[in-house]
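The structure appears below as structure tokens.
The values are calculated or read from the model by the stated rules, or taken from the named source; none is laboratory data. Remember, it's a predicted structure, so these values are computed and weren't measured experimentally. With ideal geometry, Cβ positions are generated from the backbone for all residues, glycine too; neighbour counts draw on all protein chains shown.
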Amino acid sequence: MSAPHHDRRPIDPVRLLDRREFLGSMGTGLGSIAMAALLADESRASTISSLPLPHFPAKAKRVIQIFCPGAVSHMDTFEYKPELQSRHGQPMPGLTGVSTFQGGNGNLYKSPWDWKQYGQCGKHVSSLLPNLAECVDDIAFVHSLTAKSNTHGPAMLQMNTGFVFEGFPSMGAWVTYALGAENQNLPAFVAIPDRRGLPPNGPANWNSGFLPAAYQGTSFNSETPIANLNPPKGRTMADENEARKLLANLNHEHIANHPGYSDLSARISAYELAARMQLSAPEVTDISHEKPHILKMYGADSAEPLKASYARNCILARRLLERGVRFVQLYCGSSASGVDGLLNWDAHKTLKRDYERHCPILDQPTAALLKDLKQRGLFNDTLILWTTEFGRMPTNQVGAEGRDHNPYGFTSWMAGAGVKGGYSYGATDEFGYKAQDKISSIYDFHATALHLLGLNHKELTYYHNGVRRRLTDVHGEVLTEILA
């Protein structure tokens, strides 16, 4: 069967502006355009699979994914290893001659910080994170995650898209494609980069891949507003509205003459959304009207500029969730720099100094976000994910006081909607090297997140290049033990 022919000839502007045709489309087309807009979310969802979406009653309505790029050390934050502490400086059994990302490994290297038990669950947490330690009864820790790569870029892509190569849709794109938007004046999917810069792979972490381009994330933060939203000087809103009406008709006529081009439709949708955002976006990004005690609770008044910036981004994330944004991705850290551990959590050389810089930035604002969602009644239907791309070695790097990359065992966690709080799932071995108990994968983590949103990860598919693709590829099982 031959492929359908799409007419790629340029549209004749004279024909487009023919008076009778133009007035006719004005009179008969607006109703169908309005109906299409009203039904947009349903039509989006119905193209995914034969099942209605969501596939079953959802616990979560929205998601916030907090990402710490650089690979956070699990045995220095959330997974206590007393054997590692007691055998500091000894050779690790079975590791002789094993090289990892940056070469040779030294002896076992204990966590430089104290550990205490917190909450009714008695969870051990490092003294680096005293505020998050107060939240452990609301968190389900997954200590037995494994990654496919020990390189930051591919591993970050796997955590965000399910694949180690670029070109695949992010989890946020999948979720917004499946469930649509709750607010037609804001993006359904927002990525909030750290003030220090973009994470490894940049926009590939929130890209739509082969899904329609409309489902990619929109990137901005509390310090960098959405570009090009303000109308030109001298233009009134009445002028803008008249111009938009005319442009909408021209755009939809253009789409009708060029069927099958999702990039064109996405571009038009993006411009129309940008027009609506001229009113809504400045309000949501302006945190100056937040009450002083809220700013203080998050640490937005901190004298440390990086902490204050991340705190403002946490407040922005909460404001977006309140206004119906479906998926928010919030970064604490950026790409690596020439000095390991300066801009993100990649502590190869100076673990103690690096983490005593990074943990205070993360700790108070993130804990405040969890507590604030609770006091506003959003916690029970919001899924909170804390993620990183892989873990670190229990040994020190040769000639340094830091840890190398380790994809064989690491920790991420979930909280909020449908999650069993105060629970630890799986574990690495006695030193923290390899996942040993209830070994799990990023596919399982994704499958569980989708499940809480009412989505069957095996049914959420999209046909592309002869393959029915999904976020979890051909893998993944829901981690039922962490479900409330």
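Reported count of residues in the stretch 283-312, each being touching a helix residue (DSSP H, G or I) at 6+ places or on another chain (Cβ under 8 Å) and assigned to a helix (DSSP H, G or I), is 11. Would the stretch 62-76 turn up any residue that is surrounded by 18 or more Cβ atoms within 10 Å (Cβ to Cβ) and more than 21 Å from the chain's Cα centre (by Cα)? Checked against the condition, which is being surrounded by 18 or more Cβ atoms within 10 Å (Cβ to Cβ) and more than 21 Å from the chain's Cα centre (by Cα), the stretch 62-76 yields at least one hit.
With respect to the conditions (1) in contact with a strand residue (DSSP E or B) (Cβ under 9 Å, 6 or more places away or on another chain); (2) without any contact (Cβ under 8 Å) to a residue 60 or more places away in the chain; (3) not polar (S, T, N, Q), Lys110 falls short on a single one, namely (1).
Just to be sure before I move on: is Leu370 aliphatic (A, V, I, L, M), in contact (Cβ under 8 Å) with a residue 12 or more places away in the chain, over 18 Å from Gln102 (Cα atoms) and in contact with a Cys (Cβ under 9 Å, 6 or more places away or on another chain) in the structure I sent? Criteria met by Leu370.
Just to be sure before I move on: is Ala336 touching a residue at least 40 places away in the same chain (Cβ under 8 Å) and buried (at least 16 other Cβ atoms within 10 Å of the Cβ) in the structure I sent? The answer is yes for Ala336. When Glu481, Glu430, Glu477, Glu459 are checked against the criterion of being in contact with a strand residue (DSSP E or B) (Cβ under 6 Å, 6 or more places away or on another chain) and either in a loop (DSSP other than H, G, I, E, B) or on the phi < 0 side of the Ramachandran plot (or both), Glu481 stands alone in meeting it. In the stretch 53-108, the qualifying residues are those that are part of a loop (DSSP other than H, G, I, E, B) and among the basic types (Lys, Arg), and the one that is farthest from Ser334 (Cα to Cα) is Arg87. For first residues located in the stretch 223-241 and surrounded by 11 or more Cβ atoms within 10 Å (Cβ to Cβ), partners that are basic (Lys, Arg) and at pLDDT 70 or above and lie 6+ apart or on another chain with Cβ distances below 8 Å form the pairs Glu223/Arg195; Glu223/Arg312. The residues listed here are Glu401, Glu304; of these, the one that is at pLDDT below 95 and of a type outside the set (A, V, I, L, M, F, W, C) is Glu401. Total residues in the stretch 348-367 satisfying the condition of being within 20 Å of Leu321 (Cα to Cα), aliphatic (A, V, I, L, M) and buried (at least 23 other Cβ atoms within 10 Å of the Cβ): the figure is 1.
Among the listed residues Gln436, Gln375, which satisfies the condition of being surrounded by fewer than 23 Cβ atoms within 10 Å (Cβ to Cβ) and under 17 Å from Ala147 (Cβ atoms)? Step through it out loud before you land on a result.
Working: Gln375 fails: under 17 Å from Ala147 (Cβ atoms).
It is Gln436.
Please verify whether the stretch 450-462 includes one or more residues that are among the charged types (D, E, K, R) and either within 17 Å of the chain's Cα centre (by Cα) or more than 21 Å from Cys121 (Cα to Cα) (or both). It would help to see each step written out before you state the result.
First, pick out the residues of the stretch 450-462 that are among the charged types (D, E, K, R): 458-459.
Next, from what is left, pick out any that are either within 17 Å of the chain's Cα centre (by Cα) or more than 21 Å from Cys121 (Cα to Cα) (or both): 458-459.
Yes: one or more hits.
Only a single criterion out of (1) in contact with a Ser or Thr (Cβ under 8 Å, 6 or more places away or on another chain); (2) under 21 Å from Asp363 (Cα atoms) is not satisfied by Cys135, namely (1).
Residues of the stretch 72-103 being closer than 21 Å to Ala133 by Cβ and touching a residue at least 40 places away in the same chain (Cβ under 8 Å), which ones?
Initially, the stretch 72-103 is screened for residues closer than 21 Å to Ala133 by Cβ, giving 72-82, 84-85.
Result: Val72, Ser73, His74, Met75, Asp76, Thr77, Phe78, Glu79, Tyr80, Lys81, Leu84.
Residues are listed down the side, and each one gets a yes or a no for (1) modelled with pLDDT under 95; (2) farther than 26 Å from Ala367 by Cα; (3) in contact with a Gly (Cβ under 7 Å, 6 or more places away or on another chain); (4) aliphatic (A, V, I, L, M):
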position	(1), (2), (3), (4)
Gly31	yes, yes, no, no
Ala34	yes, yes, no, yes
Ser43	yes, yes, no, no
Leu53	yes, yes, no, yes
Arg62	no, no, no, no
Phe67	no, no, no, no
His74	no, no, yes, no
Phe78	no, no, no, no
Gln85	no, yes, no, no
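When you look at Ala415, is it out of contact with any helix residue (DSSP H, G or I) (no Cβ under 7 Å at 6 or more places or on another chain), of a type in the set (Gly, Ala, Ser) and either modelled with pLDDT of 95 or more or not in a loop (DSSP other than H, G, I, E, B) (or both), yes or no? Against the criterion (out of contact with any helix residue (DSSP H, G or I) (no Cβ under 7 Å at 6 or more places or on another chain), of a type in the set (Gly, Ala, Ser) and either modelled with pLDDT of 95 or more or not in a loop (DSSP other than H, G, I, E, B) (or both)), Ala415 does not qualify. Restricting attention to the stretch 439-484 and to residues that are surrounded by 18 or more Cβ atoms within 10 Å (Cβ to Cβ) and among the hydroxyl-bearing types (Ser, Thr, Tyr), the residue that is farthest from Gly167 (Cα to Cα) turns out to be Ser440.
Residue by residue through the stretch 325-340, note down the ones that are modelled with pLDDT under 95 and under 14 Å from Ala311 (Cα atoms). Don't jump to the end; show me each part of the working.
As a first pass, look at the stretch 325-340 and keep what is modelled with pLDDT under 95: 335-340.
Within the stretch 325-340, none qualify.
Condition test on Gly454, is it closer than 14 Å to Ala60 by Cβ and among the small types (Gly, Ala, Ser)?
yes
Right, Pro193: touching a strand residue (DSSP E or B) at 6+ places or on another chain (Cβ under 6 Å), modelled with pLDDT under 95 and not polar (S, T, N, Q) or not?
In short, no.
Against the conditions (1) at pLDDT 50 or above; (2) within 27 Å of the chain's Cα centre (by Cα); (3) not aromatic (Phe, Trp, Tyr), Gly103 satisfies every one except (2).
Looking only at the stretch 356-398, residues that are within 22 Å of the chain's Cα centre (by Cα) and either at pLDDT below 95 or aromatic (Phe, Trp, Tyr) (or both) come to 3 in all.
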